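These notes concern the structure reproduced below.
A short reminder: the numbers here are calculations on the coordinates, not readings from a lab. Note that the structure is a prediction, hence the values are computed from the model and not measured. Here the Cβ positions follow ideal geometry from the backbone for every residue, glycine too, while neighbour counts run over all protein chains shown.
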Amino acid sequence: MQHTILQMLMVACTTLLCSVNNLPAAVPRTFQPVRCYTAPVAAEPFLNGTSSNYVEEMYYAWLENPKSVHKSWDVFFRNANAGAPPGMAHQRPLSLATLPQAQSLVGAQPDVEKLVEDHLAVQSLIRAYQIRGHHVAQLDPLGIMDADLDSHIPNDIITSSDKLAGFYGLDESDLDKVFRLPTTTFIGGTETALPLREIIRRLEMSYCQHIGVEFMFINDLDQCQWIREKFEKPGAMKFTLEEKRTLLARMVRSTRFEEFLQRKWSSEKRFGLEGCESLIPALKTIIDKSSEKGVENVVIGMPHRGRLNVLANVIRKELEQIFCQFDSKLEAADEGSGDVKYHLGMYHRRINRVTDRNITLSLMANPSHLEAVDPVVQGKTKAEQFYCGDTEGHKVMSILMHGDAAFAGQGVVYETFHLSDLPSYSTHGTVHVVVNNQIGFTTDPRMARSSPYPTDVARVVNAPIFHVNADDPEAVVYVCNVAAEWRATFHKDVVVDLVCYRRLGHNEMDEPMFTQPLMYKQIKKQKGVMQKYGEKLIAEGAVTRQEYEEEIAKYDKICEEAHVRSKDEKILHIKHWLDSPWPGFFNLDGQPKSMTCPSTGLTEEELTHIGQVASSVPVEDFTIHGGLSRILKARGEMIKNRMVDWALGEYMAFGSLLKEGIHVRLSGQDVERGTFSHRHHVLHDQNVDKRVCIPMNHVAPNQAPYTVCNSSLSEYGVLGFELGFAMASPNALVLWEAQFGDFHNTAQCIIDQFICPGQAKWVRQNGIVLLLPHGMEGMGPEHSSARPERFLQMCNDDPDVFPNITDDFAIRQLHDCNWIVVNCSNPANFFHVLRRQILAPFRKPLIVFTPKSLLRHPEARSNFDEMLPGTEFQRLIPEKGPAANNPSGVKRVIFCTGKVYYELTKERSARGMEDTVAITRMEQLSPFPFDLVKAESEKYPDADLVWCQEEHKNQGYYDYVKPRIRTTIHRAKPVWYAGRPPAAAPATGNKKAHLVELKNFLDNAFNLDAVKDQV
């Protein structure tokens, strides 16, 4: 019927247009539709080539919403639908004002209204399934839970004739009527119209079976159409015989691996994959399809559930290396404490057998802090893309696996998603795979999240979400193929939600019946997915039972033989478990190629040249802010005077490393300008929007690139990202700067789980630098302290053992420590410690407590002489004034670090005590400079020793340095304390109280009797 109406409309429109414009009747010429649904008397668009395509498009728009076209077209279509003959449906208006009152030439009839309403109802019906069909999809393999936590069926999803009549105004007599399909659906395939009954059936097959698709929130029409075609097109989910056999073989490997471990080590925790065995073919499908699209490197992150299976059957780690991990007598041959087997990572380059292309797979080590690895994986992926020039993510990609409870509950997931489209952080699309156990440890999902699905967080970046019943392996593989194609096509994130269950509880030693009795009664009845799929293929004739059993026996034999070989492994070689090797950086045994560090100084010419770049605008016709002109001019004057302040010291370090081919990346909140407006590494044209200049990229013709990027307002996610970036290469200086030092609080998980113990757990060195602004300046408890006590507490040097002092003691100390903690008091030392970070023959994390007020302090400046060849980082800066020339007359040696040095020297001068009080700066706190502290203490044999700090006594450095100083001097003397008393907060919020506290502890520093009286 609709075809007839359209044909009549075309003839009517042609006759109408010709009569209106006094043209002979003819077929209109072909044109590109003009989306301007004007009145039919406005003939100008048609004279320019308008054809029936336009009218057809407008007609369907009118069917969806009669108000979307001009009133006269509305009258025309109503007349035509009501049976008006060609040339009579149009009613010429008397004037523009009378158009709204135009009346139909054919009286309004109920069947006309019904026809329009029926077409609108079918349009709405199709859209309802596209939007809400996933709510009724059969996603739970157990059949007892609703994946969206809601048993309510949306009113616009057809489940009965009552809904057909009630919501849409249709009845059963309409089911056999033929309706033309809109362009926003592909359910018709090559057909343009279908009976309503078939439309509903096809919608149910597309959206309400074992796959639930969430995508209609995406605001890009092309992307929505792409997804519709993948899931609506009839016959889209078909598999060849070979594909089915391959899928069965992968299911056998996934299932029998877990069963083998359960038979051999039933009392060992391994966090097996039972209940979600389809994860293995899912991952392999994503990798196969991505390899086919050109990907050469895949970086993977995952929690512990199923990790051993992924290592064995996706990364293809040798089975004997996995099995030997279960041997309680296995000895560790390498440094460090190691980690449990289900936390370890792996790096492997191999041939992908499906595509016959090389592919590198890297599974990142991850602690039990679920989702913490997400930003780390993204950072490493970004680095791999950066170093191979992959600017669009064609060669390197990431896959992140998640648990349902963690995906919904952990804030770092949200932080990581919001990095996905930022220029300096985007990895051009990540495939997220959620192993949806439908439970946390013991917590029901209804108590664990407020959103319908655990994946709803992904909607913030318009990522499509494909829910799939994990007990349907073919549906899983199809969805994963689509996800990989989406990532390759649009380079945006996508989520695959594998709705499954946990057969054995949280781990193999757990008893889930305590808290989920009904669920686990059903699980005990549940037939395994491998068995169900095998029986399905046998019934189809795709495989015989004998072939199925032979496939199982073949893999069982592989496992048994590997188990025998594993008994020969008596030593754990951690090199087999590295996820980020650095080829060529170390010797074959993993040790540094030398144990020396060259001078970190530069020539006068280099310092001058870099300083000139730092004080210039190396781009023509670039207008900078007037205040910035003064800053650059002042920098130029400093360079002429052979001086540097803090910002210039940093500039010298960065610029020289770039010149030497070392990539430098500085990231964090507002780092381009600097929180304290001191850096200005990115200059902004005052007249042209978004036009910037980065002078650091103009240091030398063939220099390495400098990346400086303001981050999102995130610490956890961004620090994890930069840590991952630093893992990719040892030949890069990667720095994260906290806006204020205490902002690292919200990134504590990355610090505690990855940075501090990373080498001990995973023998994975990392040279990341943390810049943490620190200092008590009367500005309140927040943003005063970077909490140095926390970093020092986690240092691994022994406070009670005086080390053996050798010629290479300083470098060996660095090699043996877990990280380096410094508080530099002058720009030159900051310059040297940054360059040492790269010139050292190994990599260690560097924690730098950076200044705030010292950025512009007139005394906190350094001369070029302190940065020339032959100079180096000073772990301890001894007294160099009058007291040093008369050590026997010195009554007190004050050890301190950082900003307080300048307050102490000012107070000492005011008291006239330069001859009797020596002030020594400890620039490197950890590893502790035992040798230099010993020399300084012995230089002043009659002096009392005082540790002075501006922090409160239970904070700062005192608890760390006191026992080490005592060990150094063999406890011959007490180490007195001068500083603020213990407190709960880092600093007072009252400026007057701050000054009183400052006066008190300075009094104590220079009046030892007062200190002794307090004790």
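Anything over 30 Å Cα to Cα? Flag those among 852/992; 177/289; 230/557, in the order listed. Don't jump to the answer; show the numbers that get you there.
Values: 852/992 20 Å; 177/289 41 Å; 230/557 40 Å.
Table pairs above 30 Å Cα-Cα are 177/289; 230/557.
What is the fewest-to-most order of 905, 920, 192 by other Cβ atoms lying within 10 Å of their Cβ? Intermediate values should be presented prior to the final figure.
Numbers: 905 17, 920 24, 192 12.
With the fewest neighbours first, 905, 920, 192 line up as 192, 905, 920.
Between residue 155 and residue 623, what length in nm is gained on full extension when 0.36 nm per residue of separation is reduced by their alpha carbon distance?
Working: separation 468, 0.36 × 468 = 168.48 nm, distance 6.09 nm.
Between residue 155 and residue 623, full extension yields an extra 162.4 nm.
Note down the nm distance, to one decimal, between modelled labels 7 Å out along Cα→Cβ at residue 220 and at residue 67.
Those two pseudo-labels are separated by 3.2 nm.
Report the paramagnetic label zone for residue 394: residues of segment 292-324 whose backbone N is under 18 Å from a point 7 Å from Cα along the Cα-to-Cβ axis.
292-298
On a 0 to 90° scale, report how tilted helix 110-132 is relative to the longest principal axis of the chain, with both axes built from alpha carbons and the result rounded to the nearest 10.
For helix 110-132, the angle is close to 30 degrees.
Any chance you could check the Cα centroid distance between segment 789-811 and segment 355-433 for me, in angstrom?
Taking the Cα centre of each part, segment 789-811 and segment 355-433 sit 36 Å apart.
Rounded to the nearest Å, what's the spacing between the alpha carbon centres of segment 732-769 and segment 141-171? Just the number, please.
Here the answer is 50 Å between Cα centres.
Once amide H atoms are placed 1.01 Å from N in the peptide plane, what residues at a sequence separation of 5 or more from residue 708, or on another chain, have their amide H within under 5 Å of its amide H?
Under 5 Å from the amide H of residue 708 lie the amide H atoms of 666, each far enough along the sequence or on another chain.
Taking the Cβ of residue 743 as the center, what net charge do the other residues with Cβ under 10 Å away carry, scoring Lys and Arg +1 and Asp and Glu -1? Mind dumping the intermediate values first?
Details: positive: none; negative: 715, 737, 742, 782.
That works out to -4.
How high is the FRET efficiency from residue 793 to residue 585, r the C-beta distance, R0 25 Å, rounded to 0.05?
On the way: r = 30 Å, r/R0 = 1.21.
Efficiency at R0 = 25 Å is approximately 0.25.
Which of 265, 976, 947 comes first, and how do the rest follow, when ranked by fewest Cβ neighbours within 10 Å? Don't jump to the answer; show the numbers that get you there.
Details: 265 15, 976 20, 947 23.
Arranged by neighbour count, lowest to highest, 265, 976, 947 become 265, 976, 947.
On a 0 to 90 degree scale, rounded to 10, what angle separates helix 2-20 from the longest Cα axis of the chain?
Taking the Cα atoms of the chain, the angle to 2-20 is about 90 degrees.
Which of these values of percent of Cα pairs over 55 Å apart was calculated from the structure shown: (1) 30; (2) 37; (3) 33?
Read-out taken from this structure: (3).
Which residues among segment 279-293 fall inside the zone where the amide N is under 14 Å from a point 7 Å beyond the Cα of residue 526, along Cα→Cβ?
Counting only backbone N, you get 279.
Using Cα positions and a limit of under 22 Å, work out the lysines in reach of residue 640, with same-chain residues fewer than 8 apart set aside.
Partners found: 659.
For the pair residue 507 and residue 999, how long in nm is the line joining their label points, each one 7 Å along Cα→Cβ?
5.8 nm
Take peptides 528-537, 724-733 and line them up by average Cβ neighbours within 10 Å, highest first, as a rough protection proxy.
Values: 528-537: 18.8, 724-733: 24.0.
Sorting 528-537, 724-733 by mean packing, highest first, produces 724-733, 528-537.
Using 19 Å as the Cα-Cα cut-off, could you pick out the over-long pairs in 761/962; 899/939; 939/973; 244/264? Numbers along the way, then the final one.
Values: 761/962 29 Å; 899/939 24 Å; 939/973 14 Å; 244/264 30 Å.
Pairs exceeding the cut-off: 761/962; 899/939; 244/264.
Using the structure shown, list the pairs from 293/492; 567/844; 269/536; 269/492; 269/317 with a Cα-Cα distance above 25 Å, or answer none. Working shown, then result.
Numbers: 293/492 15 Å; 567/844 35 Å; 269/536 32 Å; 269/492 36 Å; 269/317 20 Å.
Violating the 25 Å Cα-Cα cut-off are 567/844; 269/536; 269/492.
At 7 Å along the Cα-to-beta-carbon direction for both residue 694 and residue 236, put a label point, then send me their distance in nm to one decimal.
Each label point is offset 7 Å from its Cα along the Cβ direction, giving 4.0 nm.
Please work out the FRET efficiency for the pair residue 910 and residue 800, using the Cβ-Cβ distance as r and a Förster radius of 45 Å; give the result to the nearest 0.05.
On the way: r = 38 Å, r/R0 = 0.86.
It comes out at approximately 0.70.
Quick one: order 645, 807, 915 by neighbouring beta-carbon count within 10 Å, fewest to most. Walk me through the numbers before you get to the answer.
Numbers: 645 22, 807 7, 915 15.
Starting with the residue having the fewest Cβ neighbours, the order is 807, 915, 645.
Give the aspartates and glutamates whose C-alpha is closer than 18 Å to that of residue 934, dropping any in the same chain fewer than 8 places away, or say none.
The reachable aspartates and glutamates, counting only those whose Cα sits under 18 Å from residue 934, are 797, 798, 800, 807, 808, 879, 923, 942, 944.
Which far-off residues, 5 or more places away or on another chain, put their amide H under 5 Å from the one on residue 925, with H placed in the peptide plane?
Correct list: 821, 822, 823.
How far, in degrees from 0 to 90, does helix 604-614 lean away from the longest principal axis of the Cα atoms of the chain, to the nearest 10?
40 degrees
Rounded to the nearest 0.05, what FRET efficiency do residue 491 and residue 340 have when you use their Cβ-Cβ distance and R0 = 41 Å? Each step should come with its number before you reach the end.
Numbers: r = 36 Å, r/R0 = 0.87.
Efficiency, from the Cβ-Cβ distance: 0.70.
Which order do the peptides 440-451, 307-318 come out in when sorted by mean C-beta neighbours inside 10 angstrom, highest first? Intermediate values should be presented prior to the final figure.
Working: 440-451: 14.5, 307-318: 22.6.
The peptides rank, most packed first, as 307-318, 440-451.
So, by mean Cβ neighbours within 10 angstrom, what's the order for 352-365, 244-257 with the highest one leading? Walk me through the intermediate numbers first.
On the way: 352-365: 18.1, 244-257: 22.3.
Answer by packing, highest mean first, reads 244-257, 352-365.
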